[in-house]
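See below for the structure under consideration.
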Amino acid sequence: MIDCCSAPGLLPFEQALENMLNVIKPITDIEQVTLDNALGRILAQEVKSPVNVPPNDNSAMDGYAFQHQSLALKQPLKLIGRSMAGAPFTGECKLGECVRIMTGAKVPNDCDTVEMQENCQTDGDSITFLSARKFADNVRKMGEDIAIEQTVFHSGRELTAIDIGVLSSLGINEINVYRKLKVALISTGDELKKPGQSLNKGDIYESNSQFLTAILTKLGAEIINFGIIEDVELSISNAFKKADELADVVISSGGVSVGDADYTKSVLEDLGEIEFWKIAMKPGKPFAFGTLPNSYFFGLPGNPVSALVTTHQLALPALLKMQNCAYNKPLFIPAKTTTVLKKSPGRMDFQRGIIKNAENGELLVTSTGSQGSGILTSMAAANCYIVLPAEQGKVAEGEWVNVQIFNKYLQ
Ligand code: AMP
Ligand code: MG
């Protein structure tokens, strides 16, 4: 455990992320789902193909199947039957003969090549090819997409719509996935009202649990929403206790600073163990991470931009690890800033920007303007973070900066 209260300064962002990922243990419970319910689930098995795809050599064209050696006879071929998708030709096709064949239909056993019908002249059952075809042309080989026993997917893969199509093409209908993560949400603050309610003097609309719900839905988690909890230590403590009993992860927002009504930290210290709670990042300095008896907790700052950025940058990698997904470090793309970027050395900045191509193809990034931690529209207007390292000071117009494009969880 890192005691930030006695340690001078703040925990560097990268170290906080690393510490957290070292502490987090992935869930191990597995369940079976049908393909209809598999979208977005995390695969808990290796998938090997039980079949060849395609299962037979089949035709890529409507035309005529024949033995390539027949071309050496230099005479029209005799039409002796047909092979349709779902109704293959089962007879023998000898030298000098051919079989009418449709796209996707099985190529008869004796045949090796298909000529497309546009290239043929027909006269009753006599078929003349207008030009010479190469051996094996227009034949899709058995297993050319996926060979039997070939590993198709590894464990830990988040199943996409395409993956579900691939699994279906292998004849697989049921698949092992990790069970859904259970995440409890707690919003603290006497001033918070749900959208749809009327506001009294000093009230504001609650937004953190709403975007958290959206992000967690994209993650495929099961959400247990405890709603808005008043700024009373006992109420917050009771909510955390109950949440810890029900969920794998408890995410709270608000009350992690050092104000008179900020009880989250003291409650967490009382019920569990805080690994860290102050990070050298902006927005989002107060962010608590630790363990409760049965779960992990993330104590997000109350300010919506801080809550959103810390969720995305810190909580999300941890949740993905809990779900057994591989953690991919974010991709940084260099771009030229079109504006001055205010910054003082000390904390890592996640400023909000808009990245686009200039006419000459160069990548340009423009700040979305005011970067206050309560201005949620600065996130809505952006399509990327401008990531400025802790030691960096003010950035002049035209300098190169690192940009991290928003991923699907923010969209
Ligand atoms: P706190 O960390 O509780 O001091 O909150 C910091 C700021 O964020 C205050 O202005 C709160 O009103 C605001 N805030 C806290 N929780 C939320 C929330 N769930 N949604 C929107 N704003 C919030
Ligand atoms: Mg508060």
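The values are calculated or read from the model by the stated rules, or taken from the named source; none is laboratory data. None of these values were measured; they are calculated from a predicted model. Virtual Cβ from ideal backbone geometry, glycine too; neighbours counted across all protein chains shown.
Where residues in segment 202-232 are buried (at least 16 other Cβ atoms within 10 Å of the Cβ) and within 13 Å of ligand 2 (Cβ to nearest atom), which of them is farthest from Tyr178 (Cα to Cα)? Residue satisfying both the conditions and the ranking: Asp231. Taking segment 251-277 as the range and being among the polar types (S, T, N, Q), surrounded by fewer than 19 Cβ atoms within 10 Å (Cβ to Cβ) and within 10 Å of ligand 1 (Cβ to nearest atom) as the test, only Ser257 passes. Checking every residue in segment 319-331 against the condition of being in contact with a strand residue (DSSP E or B) (Cβ under 7 Å, 6 or more places away or on another chain), in contact (Cβ under 8 Å) with a residue 40 or more places away in the chain, within 16 Å of ligand 1 (Cβ to nearest atom) and under 28 Å from Thr28 (Cα atoms) gives zero matches. No other residue among Ala288, Ala335, Ala315 is in contact with a strand residue (DSSP E or B) (Cβ under 7 Å, 6 or more places away or on another chain) and part of a helix (DSSP H, G or I) apart from Ala315.
Yes or no: Ala315 modelled with pLDDT of 95 or more, hydrophobic (A, V, I, L, M, F, W, C) and assigned by TED's automatic domain parsing to the domain that holds Gly272? Spell out the reasoning first.
On the way: modelled with pLDDT of 95 or more: yes; hydrophobic (A, V, I, L, M, F, W, C): yes; assigned by TED's automatic domain parsing to the domain that holds Gly272: yes.
Against the criterion (modelled with pLDDT of 95 or more, hydrophobic (A, V, I, L, M, F, W, C) and assigned by TED's automatic domain parsing to the domain that holds Gly272), Ala315 qualifies.
Does segment 85-103 contain any residue that is in a loop (DSSP other than H, G, I, E, B) and at pLDDT below 95?
First pass over segment 85-103, keeping only residues in a loop (DSSP other than H, G, I, E, B): 85-86, 88-96, 102-103.
Now narrow it down to the ones that are at pLDDT below 95: 85-86.
Checked segment 85-103: at least one residue is in a loop (DSSP other than H, G, I, E, B) and at pLDDT below 95.
Only one of the numbered conditions (1) farther than 20 Å from Tyr409 by Cβ; (2) hydroxyl-bearing (Ser, Thr, Tyr); (3) surrounded by fewer than 15 Cβ atoms within 10 Å (Cβ to Cβ) is violated by Thr377, and that is (1). Residues in segment 346-374 that are surrounded by fewer than 18 Cβ atoms within 10 Å (Cβ to Cβ) and touching a residue at least 40 places away in the same chain (Cβ under 8 Å): 4 in all. Taking segment 181-258 as the region of interest, the strands (runs of 3 or more DSSP E) fully inside it that hold 1 or more residues being of a type in the set (Phe, Trp, Tyr) are 222-229. Got a sec? Which of Lys336, Lys285, Lys342 is in contact with a helix residue (DSSP H, G or I) (Cβ under 8 Å, 6 or more places away or on another chain), surrounded by fewer than 21 Cβ atoms within 10 Å (Cβ to Cβ) and of a type outside the set (Asp, Glu)? It is Lys285.
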